[in-house]
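Reviewing the structure listed below.
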Amino acid sequence: MDKPFEKRCRDYKKITVLIAFLFNFAIIFANSSRFAKINVSYAAGNASAYAVIDVDSKEIIMSENADEPLPIASTTKILTALTVIENVFDLDEEVTIPVAACGIEGSSIYLTPGERLSYRDLLYGLMLRSGNDAAVALAVLTGGSVENFVILMNETARKYGAVNSNFANPHGLDDEKHKVTARDLARISAFAMENDTFKEIVSAKYYKTSGDAVRYMKNKNKMLFNYEGADGVKTGYTKKSGRCLVASAERNGRRFVSVVINRYNMWQDSENLLNKAFEQANRA
C-alpha cells in the first residue's frame, strides 16, 4: 500500500505534466491562429501598410491602411520603369548620360557623364540594382527634364487608377510631396506586370550591360531566389519610408502582387501574404 507522502508526490507530478501539456498546447494554438491572420511584423515609428492584388481581376483581396499616402522609397521605380517603357520607341537606342544623372545620393550604378548606354541597360540598372542615377538619367532622357518626366509619371499612374497618390521624383528619395498608397502601388504594379518588357526586366536575376563600361548586375530582390513562382518586382528603403517591397508571384496560372510599406521583416511578411493569397485561390 502506498505511503501518503509518496502518493502526494505522484499526484503533484501528474498535475505538473498536465499543466505543461496545456501550456504547450496554448502556445501552438496561439501561433497557428496568428499565422492564419497573416503574421505581418510592424516596423517601429512611421505608419505601415500592405495590400495584395489579384493581377487578373485587379481586385485588392487583402489590405491594411491601404489608402494612407506614405513614402515608398525605391518601389517608386516601378512607375519610373513603366513610364519609360511606354514613352520610348526604341529601348535599345544608345544614349549619352547627362551630367545631371551623376553623383545622385543613395544606391547607384555609378554612371559617368558622357557615357553611352541603351535605355534597356539603364532600365536593368534601375530595377535590379535600384540605381538612383539611372532613374535621373532615364527621366531626363525620356522627359527632357526630371520635372517633365514627373508629370508623365503622374499621368501614367492616373491612367492605371492610382488616384490618391503623388509622385514627386523618379527614384523615391524622401520628399514631403512624394506619397503613395499601398492600393495605388498595387494597381500600378499589377498593370506593369502585364507589360512583357517590364516583366522580363524585373524577373531577371542577373544582367550584363552592353555599354561603354560593362556592368554585371544581380537583382536585389531575394524573392526571385527564395520564393516559388516569384517573378518581380522591387525593393525599397529609406529611413523615413522604412523597408518596402513589392513582390509578384505566379502559380498554376494565378498571379498575385503584394505590397508592404514600412515592414521590418519585409521578406517574410511578403511570403506570408502571398502564401495566404495562393491558399485562398486554391480553395476557391
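The values are calculated or read from the model by the stated rules, or taken from the named source; none is laboratory data. Here the structure is a predicted model, which means the values were calculated and not measured. Positions of Cβ are generated from backbone atoms using ideal geometry, with glycine treated the same way; all protein chains shown enter the neighbour counts.
The table that follows gives values for the structure above.
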| item | result |
| --- | --- |
| Those residues of the range 199-226 which are within 16 Å of residue 266 (Cβ to Cβ) and crowded, with 18+ Cβ neighbours inside 10 Å, in sequence order | 219, 221, 223, 224 |
| Residue match in the range 234-248 (condition: surrounded by fewer than 15 Cβ atoms within 10 Å (Cβ to Cβ), over 15 Å from residue 61 (Cβ atoms), among the charged types (D, E, K, R) and in the same structural domain as residue 72 (by TED's automatic domain parsing)) | yes |
| Criterion (under 14 Å from residue 82 (Cβ atoms) and either assigned by TED's automatic domain parsing to the domain that holds residue 190 or of a type in the set (Asp, Glu) (or both)) met by exactly one of 161, 114, 131 | 161 |
| Boolean, residue 74 is assigned to a loop (DSSP other than H, G, I, E, B), crowded, with 16+ Cβ neighbours inside 10 Å and not hydrophobic (A, V, I, L, M, F, W, C) | no |
| From 152, 128, 141, residue being surrounded by 17 or more Cβ atoms within 10 Å (Cβ to Cβ) and within 17 Å of the chain's Cα centre (by Cα) | 128 |
| Members of the range 119-162 that are part of a loop (DSSP other than H, G, I, E, B) and over 28 Å from residue 223 (Cβ atoms) | 144, 145 |
| Lone unmet requirement of (1) in contact (Cβ under 8 Å) with a residue 40 or more places away in the chain; (2) under 25 Å from residue 249 (Cβ atoms); (3) polar (S, T, N, Q) for residue 132 | (2) |
| Residue list for the range 77-118, filter: hydroxyl-bearing (Ser, Thr, Tyr), more than 18 Å from residue 219 (Cα to Cα) and not in a strand (DSSP E or B) | 83, 112 |
| The listed residue being more than 18 Å from residue 248 (Cβ to Cβ), crowded, with 20+ Cβ neighbours inside 10 Å and at pLDDT 95 or above, out of 182, 162, 101 | 101 |
| Positions within the range 71-94 being farther than 18 Å from residue 191 by Cβ and either at pLDDT below 95 or under 14 Å from the mean Cα position of the chain (by Cα) (or both), in sequence order | 71, 73, 74 |
| Scan of the range 251-277 for residues that are on the phi < 0 side of the Ramachandran plot and either free of Cβ contacts under 8 Å to residues at least 40 places away in the same chain or of a type in the set (Ser, Thr, Tyr) (or both), ordered by number | 251, 258, 264, 266, 270, 275 |
| Verdict on residue 205 being touching a residue at least 24 places away in the same chain (Cβ under 8 Å) and assigned by TED's automatic domain parsing to the domain that holds residue 62 | no |
